[in-house]
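Structure record follows, encoded as structure tokens.
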Amino acid sequence: MDHLPLHTFRRSVERFPSNYPTKTFSHLDQFLCMAFAQLTYRESLRDIEACLRAHQAKLYHLGIRGRVSRSTLADANEQRDWRIYADFGMRLIGTARKLYVNDSFSVELAQTAYALDTTTIDLCLSVFPWAHFRTTKAAVKLHTLLDLRGNIPSFIHISDGKMHEVNVLDILIPEAGSFYIMDRGFTDFARLFALHQRQAFFIIRAKSNLACRRVYSHPVDKATGLRCDQAVALTGYYKTKDYPQHLRRIKVYDAEHDQDLVFLTNNFDLPALTVAQLYRCRWQVELFFKWIKQHLRIKAFYGTTKNAVKTQIWIAITVYVLVTIIKKRLNLDASLYTILQILSLTLFEKTTINQLLTNADYKDILPLEPNQLNLFD
């Protein structure tokens with residue numbers, strides 16, 4: 001918690017005032033209790049209450065001033081505005097991105113590269129009727145834009161299951177000169193042209209039924225796996241209206257899966273092989289979804305209202321970002337998984353984080369020289 005910017009947290013609280021009383025159980029108390037639940041994998045509100053009350057004497061030093069109660073925590077999650085924690089999470093994301101701005105990834109690229117994707121979190125329709133997805137199913141969708149430098153989520157939108165992933169392009173504010181890497185589920189040429197007009201670059205996998213005509217072909221080295229590098233124009237009345245300019249079509253053979261992959265981009269300057277390598281980096285956002293679902297509590301929820309669900313998801317993301325900040329500031333070699341596993345068992349220890357998370361083997365330290373002289377050699 002020493003790495004938690006409390007002044008930033010208070011500013012986020014002030015931006016979204018609520019009528020729910022905070023005198024006996026503050027917003028910080030709520031955040032710390034929920035962060036404790038994330039780091040220690042608690043199953044329920046009763047579980048959180050029992051574990052924290054077992055360490056009642058230590059809670060004050062952690063920053064928890066109020067009395068931890070299951071009903072109080074449930075009411076806070078349902079009634080306090082989830083945008084407080086969303087705003088605080090975005091501010092922490094800004095801090096983390098500054099720390100990782102000089103990091104490199106598998107492709108040498110001067111511009112910023114983002115991977116955009118959506119994951120679905122299944123829910124029970126009878127318990128979460130507001131998250132209607134299908135006839136007998138409920139779900140929420142987590143739309144995420146991942147900065148490939150450090151794998152930091154730079155944009156997150158939580159919606160119900162009915163919202164199609166391509167609609168998130170209407171909410172996203174693109175950065176000029178940056179690359180946006182997307183799967184073919186985001187194919188909408190009108191929205192892609194809006195990205196192009198804002199001087200942002202996109203790389204998207206083409207659908208199999210893409211209708212286009214070749215304008216020009218560039219020479220390629222087929223030994224690298226490239227099959228073609230073309231400038232194409234879309235055909236069809238509506239598609240030509242949606243995207244009236246030329247696109248770049250790159251075809252690559254994937255030897256691992258024995259298939260041809262076709263990509264579309266509005267960038268004509270990067271080498272064709274670099275475009276293919278950038279699309280391969282899109283897998284990082286899939287790994288991010290898999291990681292947070294396995295190691296954070298976003299599949300089982302402590303509350304059933306929309307506000308409680310969004311509060312829990314945003315606090316989970318904030319905990320993830322806070323761990324990445326600690327990893328960078330302390331220059332730790334351990335993975336995020338290892339850090340979370342260690343923290344889950346040592347939250348109430350007085351040992352410093354550096355000592356806990358570094359692999360120092362204290363058995364290798366030589367004992368002090370005794371004053372007694374050796375009688376025998």
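For the stretch 344-360, name all the residues that are outside the structural domain of residue 53 (by TED's automatic domain parsing) and small (Gly, Ala, Ser). Listed by number, the list holds a single entry, 360. In a residue-by-residue description of the stretch 320-343, the property of being part of a loop (DSSP other than H, G, I, E, B), at pLDDT below 90, surrounded by fewer than 18 Cβ atoms within 10 Å (Cβ to Cβ) and outside the structural domain of residue 39 (by TED's automatic domain parsing) applies to no position. Considered as a group, the residues in the stretch 85-121 that are of a type in the set (Gly, Ala, Ser) and within 23 Å of residue 168 (Cβ to Cβ) include one that is surrounded by the most Cβ atoms within 10 Å (Cβ to Cβ), and that residue is 115.
The set of residues in the stretch 97-120 being in contact with a helix residue (DSSP H, G or I) (Cβ under 8 Å, 6 or more places away or on another chain) and among the β-branched types (Val, Ile, Thr) consists of 107, 118, 119. Among the residues of the stretch 145-161, those identified as modelled with pLDDT under 90 and among the charged types (D, E, K, R) are 149, 160. If you go through the stretch 305-330 and keep only what is touching a strand residue (DSSP E or B) at 6+ places or on another chain (Cβ under 9 Å) and under 22 Å from residue 78 (Cα atoms), you end up with 306, 309, 310, 313, 314, 317.
If you check 318, 338, 346, 352 for being touching a Leu at 6+ places or on another chain (Cβ under 7 Å), free of Cβ contacts under 8 Å to residues at least 40 places away in the same chain and of a type in the set (S, T, N, Q), only one passes: 346. Residues in the stretch 248-275 that are among the aromatic types (Phe, Trp, Tyr) and in contact (Cβ under 8 Å) with a residue 40 or more places away in the chain: 263 only. Entry remark, the stretch 122-161: residues being surrounded by fewer than 16 Cβ atoms within 10 Å (Cβ to Cβ), β-branched (Val, Ile, Thr) and touching a strand residue (DSSP E or B) at 6+ places or on another chain (Cβ under 9 Å) number 1 in total. Would you check if residue 240 is of a type in the set (Ser, Thr, Tyr) and over 30 Å from the mean Cα position of the chain (by Cα)? Taking the combined requirement at face value, the residue satisfies it. Among the residues of the stretch 152-164, some residue qualifies, meaning at least one is under 17 Å from the mean Cα position of the chain (by Cα) and either part of a loop (DSSP other than H, G, I, E, B) or polar (S, T, N, Q) (or both).
The values are calculated or read from the model by the stated rules, or taken from the named source; none is laboratory data. As the structure is a computational prediction, the values presented were derived from the model and not from experiment. Neighbour counts are summed over all protein chains in view; Cβ atoms, including those assigned to glycine, are modelled from backbone coordinates with ideal geometry.
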